[in-house]
Structure formats: structure tokens, C-alpha cells
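Q: Below is the structure I would like to discuss, written out as C-alpha cells.
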């Protein structure tokens, strides 16, 4: 159980504040995360890591000379928002460009991708490296779809060491990609983790059994087996990661006979509740097995590096090394949770970190758009109330083949969006500005995939409406279509993939079709009903995108939580849009 918490909604923020206060000589808090307490040398590529809270030491514990320049920290098991990532990156970079490093999860890909686009528009060169080390989450031919688990440590340490050496941005990115291609991990779970404030774990494992192929966001193993002895656990892990030895060694460019490299970085990682002594018992067997297979262990790490709150379990990571990757893996580092060798002291930074994050100014708007902005704020209050009312149900649906946080994310995101929309409307903002600010707030506080998609959808809706003029049926329908297209473009999903888009696309289609022939209030109601039916129909298909994808047919029988939440929200907005559009049409 995760027992020590105040308001669970504040857990991530309070944990980050406590971490920064505990390490004042090494990190400084900035909006969205932490950066080094020392300045980035001019022209040096800056590496910004990130992910959800609940994985400590990843990712904030790896910030320091020789390792990362900054870390963006999201809510529990949720990606940081693009605004948070941009803030940390601006504070970390010093003219040499930025490389983002993160695990290959849909929310992280979305938010770091959005942040990269925004920073490039500001003139900062940005690259991204997504870690894909988990052999259980996809077959070798689909390696790009794999999750990032404890392999984050080796890949990101090598990436950061290349930056510390002063290599150009291209070479830093290349080192990270080579390390990722050379890294394989496999994990086992003996018990699930419990979110702060929850009264039961996200999943359970029967006594005497283990889950094989776990994720680090509370996802259960892909299959359950009887729990064997420690040596047999070690053998299972070694066999799993060595199964792709030739491909990993070849990707590293390592020398050696056909069939694999002879040198590898090794991490035996604890997930939060497995004792160090247990890990050492397993490590003893791992080293013997690897020696028998002709693999020499280089600078091994045994302990908690990528955790999952209080999950009981462990994982094994191997990164096959050539001379260059070995040099980077063994290079000195001085981060709060990872120290190796010695580095000279650095002068502390003295700049104002508050300048890294500034909200956009309120753009001028005409009277009609200001009135529309006020009505949008009222509509977002209804969205907030709907998400809060259905939080538990949405979480239970998501827990079937995901991590159970969809309800929490929707509540937090919609609450932040409603509050920001109300503030913007009170300042005289028009429709575009109200929705842009609301979208940024939803993305920031909601986190995860849904946070990114709803944030992008609101922003796109606002762009279609602009800050001049009121609302008519054509503009509303165009705004809905723009929002759906933003979701499609950013998420990469198609109808039938069992995502939010399965309800959003039929909603937009029906709204456009009915808007030209019926009273718009009735058209909205018809579209909302189409979304409801489409959301229910997702129960009959397997997930093809997102975290649920790795569980194959495990989601059949349960509708997609994103589609369900979209349907609930459109239905809740029906009375509001009936009033609003009738006012416009009268």
C-alpha cells in the first residue's frame, strides 16, 4: 500500500517539492520538474528526461552532471504535459539544442512530441529518443512498439554521457538510439501497486504465482505462471533477454562471434517492494548464467532504478556494448540517485527560473467572441462535473487492460480546464484564447494520453472559432471537425483501433450531416447519441493502440474508456448547446 499521502491529488507535486528540498545542492525546482543546480555549459546539448511520478529514481533522481540536465515530472503514472516539458527544456538548454528521452508510452510520445514542435517553433533544435526495451510487449518485428521499462537507465545514461562529453546534437541522438537498439529487458511481478488514496492494488497476483511481462504503470503481467525458486527466476530472465542477443549486439556494433556480443551493461532492477537481499540472490545466479553464455558483465547495477510505486517484482536489463557505448556507460555521473566516479564541482546557476514558463497574453477579442468565450467556460464547467461524476467508472473500465488512471486524469484535466477557462473569460478573452488556455491546462493537469488528446482537441476547436464573431452551426461543426482531426493526427489512431476516435469520428460525421438539415440543437443530440452507440460498440473489438494493445484480446467485452468519456461529455453538453444555439438562431 502507498500509505503516506495527504490529498492524493497533490501527491506528485508534494513528492517533487520534497525531493528538490532534499537535494538543494544538486537540483533546482522549475515549473514542471527539476533542472541541474549548475548551469549547462554554453553550446552543450541538453538532455531532458521525463515521465510520470511513481518511478523514482526515474526520472528526477537522474538529474546532475554526467547524467540529465533536467527532468519533467507528470502525475502518478502520467506523462508530464507539453507545457511542463517546454518549461524544463527552456531552463535546461543553453544554445546546444535539446534531446528528449522517455519511455515509449502513448502519453509520453504525444506530450514530448508536442513540446518538441513548440520548441522548434521557438528556434530550439530538439530531438527525441523513446526507449523500447521491453521484449514482452511486442515481437522483434514490431520492436518500435515496445514499452520502455528499466532499460531507461542504461539508454538514458549513455545518451546523457554523450552530451556531457560535448558531442554535437546529432551524435548525442545517435548514441541514444544505438544504446536503445542494443538494450533488452524482461520483468516479473509478484504483486500490484496501489495508487495514493486507493484502498486496493491495481492488480493482484495469486499466492505462489507471478506475472511475466509486466509494465511499470501498474499493468499486470501478460501471463501468469507458478512462482519458482530464485535461481529459476534468474534463468527465466536471462533466457528472455538473451533470446535477442544477436540482434542487440549487432545494433550496438559490438565485436564478437555470431550469436552475440561478449560485453554487456547489466541492471537487475527492483520495482518498489522487493528487498535488496532478494535482488542480490537473483543477481548471483544472473552473473553465473551470463558468464556461462560468454557475456562479461560491465559496471553492473543492482537496486531500485525504475520503480512502480510499491509493486513487488523485478526486471533484468542487458545493454550490449561496443567500445564507445562502454565508455559512455562507465563515464562519471553525479545525480542524487546515481553516482559513478568523480566529477569536478560546478558553479551554481543564479538565473531566474521563473522565466522558463509564462502564460500567453490575453489576445484582443470582439464582443461576440467574448460572449462566446463566457459560454464556453460554462460548457467546460459541465464537462468538469461529468468527469467527476463518472471518475470511478472510467477508472474501472481502464483497469481491465490499462493502468486504471483514466478517470483520475479526466477529472483532473477537466477541472483544470474549467478553472482556466473561467479565469480567461473573466479577463475578457475570446473563444480561441479561452479554449487555448483551457486546452493547455487540461494537457498539463490531466497528463497521459487523454490529457494530450483533449488538450489538442480544445486548442484546435479554438483555432477554428477564432477571437472574433459568435457561434453558428457552421462554426461549431467546423470546430468539432478540427478537434477530431487534431486527435487523429496527434494520436495516430484510426477508427476501429479502440480509442477515443471511435466515438469522436462518428460524432463529428453525424453533426455535420444533421447540421445542414435539422435544428442544430437536435443535430447535436443526434450526434451525441451516435457517439454513445459507437462507444458501446468498442467492447466487441480488441485494442490496437495505447497500453491496452499489449494485452491483445484482454480488452474484449469492455468498452474503450476514452470513447466512453467522450460519449458521456457530448451527452452532458447537449442541454448547453441546445440553449446556446437557440439563442444564436433566435
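Q: Would you confirm, using the coordinates I've provided, whether residue 339 is within 23 Å of the chain's Cα centre (by Cα) and either surrounded by 15 or more Cβ atoms within 10 Å (Cβ to Cβ) or modelled with pLDDT of 90 or more (or both)?
A: No.
Q: Kindly check whether there is at least one residue in the stretch 183-191 that is surrounded by fewer than 24 Cβ atoms within 10 Å (Cβ to Cβ) and more than 15 Å from residue 129 (Cβ to Cβ). Please lay out each step first, then the result.
A: Quick first cut of the stretch 183-191, residues surrounded by fewer than 24 Cβ atoms within 10 Å (Cβ to Cβ) only: 190-191.
Right, trim to more than 15 Å from residue 129 (Cβ to Cβ) and you get 190-191.
The answer is yes, given that some residue of the stretch 183-191 is surrounded by fewer than 24 Cβ atoms within 10 Å (Cβ to Cβ) and more than 15 Å from residue 129 (Cβ to Cβ).
Q: A further question on this structure: Only residues that are surrounded by fewer than 15 Cβ atoms within 10 Å (Cβ to Cβ) and within 28 Å of the chain's Cα centre (by Cα): list them for the stretch 277-302, please.
A: 300
Q: Taking the stretch 121-165, which residues are over 13 Å from residue 101 (Cα atoms), in a loop (DSSP other than H, G, I, E, B), touching a strand residue (DSSP E or B) at 6+ places or on another chain (Cβ under 9 Å) and without any contact (Cβ under 8 Å) to a residue 60 or more places away in the chain?
A: Result: 124, 125, 146.
Q: Let me ask something additional. Residue under question is residue 189, and the condition is that it be in contact (Cβ under 8 Å) with a residue 24 or more places away in the chain and over 21 Å from residue 298 (Cβ atoms); does it hold?
A: For residue 189, the condition - in contact (Cβ under 8 Å) with a residue 24 or more places away in the chain and over 21 Å from residue 298 (Cβ atoms) - is met.
Q: Report whether or not residue 60 is in contact with a helix residue (DSSP H, G or I) (Cβ under 8 Å, 6 or more places away or on another chain) and under 29 Å from residue 143 (Cβ atoms).
A: Yes: the conditions hold for residue 60.
Q: Provide a single number: the residues in the stretch 354-375 that are in a helix (DSSP H, G or I) and either within 14 Å of residue 468 (Cα to Cα) or at pLDDT below 85 (or both).
A: 11
Q: Suppose we filter 52, 64 for residues that are touching a strand residue (DSSP E or B) at 6+ places or on another chain (Cβ under 8 Å) and over 18 Å from residue 410 (Cβ atoms); which single one remains?
A: Numbers: 52 fails: over 18 Å from residue 410 (Cβ atoms).
Answer to the check: 64.
Q: Which of the numbered conditions does residue 158 fail, given that it passes all the others? Conditions: (1) under 25 Å from residue 329 (Cβ atoms); (2) crowded, with 19+ Cβ neighbours inside 10 Å; (3) modelled with pLDDT under 95.
A: (3)
Q: Does residue 66 satisfy being on the phi > 0 side of the Ramachandran plot and touching a helix residue (DSSP H, G or I) at 6+ places or on another chain (Cβ under 7 Å)?
A: It is true that residue 66 is on the phi > 0 side of the Ramachandran plot and touching a helix residue (DSSP H, G or I) at 6+ places or on another chain (Cβ under 7 Å).
Q: Further question on the same structure: For the stretch 69-101, name all the residues that are outside any helix (DSSP H, G or I), closer than 20 Å to residue 447 by Cβ and touching a residue at least 60 places away in the same chain (Cβ under 8 Å). Step through it out loud before you land on a result.
A: To start, the set of residues in the stretch 69-101 that are outside any helix (DSSP H, G or I) comprises 69-81, 93-101.
Checking the rest, the ones that are also closer than 20 Å to residue 447 by Cβ come to 70-81, 100-101.
Across the stretch 69-101, the qualifying residues are 73, 74, 75, 76, 77, 78, 79, 80, 81, 101.
Q: Right, another one. Name every residue in the stretch 284-294 that is touching a residue at least 40 places away in the same chain (Cβ under 8 Å) and in contact with a strand residue (DSSP E or B) (Cβ under 8 Å, 6 or more places away or on another chain), in order of residue number.
A: Within the stretch 284-294, 286, 290 qualify.
Q: Would you check if residue 331 is modelled with pLDDT of 95 or more, part of a loop (DSSP other than H, G, I, E, B) and under 22 Å from residue 162 (Cβ atoms)? First the steps, then the outcome.
A: Working: modelled with pLDDT of 95 or more: yes; part of a loop (DSSP other than H, G, I, E, B): yes; under 22 Å from residue 162 (Cβ atoms): yes.
When the stated conditions are applied, residue 331 passes them.
Q: OK, next. Here are 394, 453: which of them is modelled with pLDDT under 90, outside the structural domain of residue 81 (by TED's automatic domain parsing), crowded, with 24+ Cβ neighbours inside 10 Å and under 30 Å from residue 198 (Cβ atoms)?
A: 453
Q: Using the structure shown, decide if residue 404 is closer than 22 Å to residue 536 by Cβ, not assigned by TED's automatic domain parsing to the domain that holds residue 73 and not in a helix (DSSP H, G or I).
A: yes
Q: Residues that are under 18 Å from residue 315 (Cα atoms) and at pLDDT 95 or above, at least 2 per element: which strands (runs of 3 or more DSSP E) completely within the stretch 172-285 meet that?
A: Result: 183-191, 263-270.
Q: Scanning for something surrounded by fewer than 20 Cβ atoms within 10 Å (Cβ to Cβ), in a loop (DSSP other than H, G, I, E, B) and at pLDDT below 95, does the stretch 9-18 turn up at least one residue?
A: The answer is no; no qualifying residue exists.
The values are calculated or read from the model by the stated rules, or taken from the named source; none is laboratory data. Computed from a prediction, not measured in an experiment: that's the story for all the values here. FYI the Cβ positions are ideal-geometry reconstructions off the backbone, even for glycines, and counts take in every protein chain you see.
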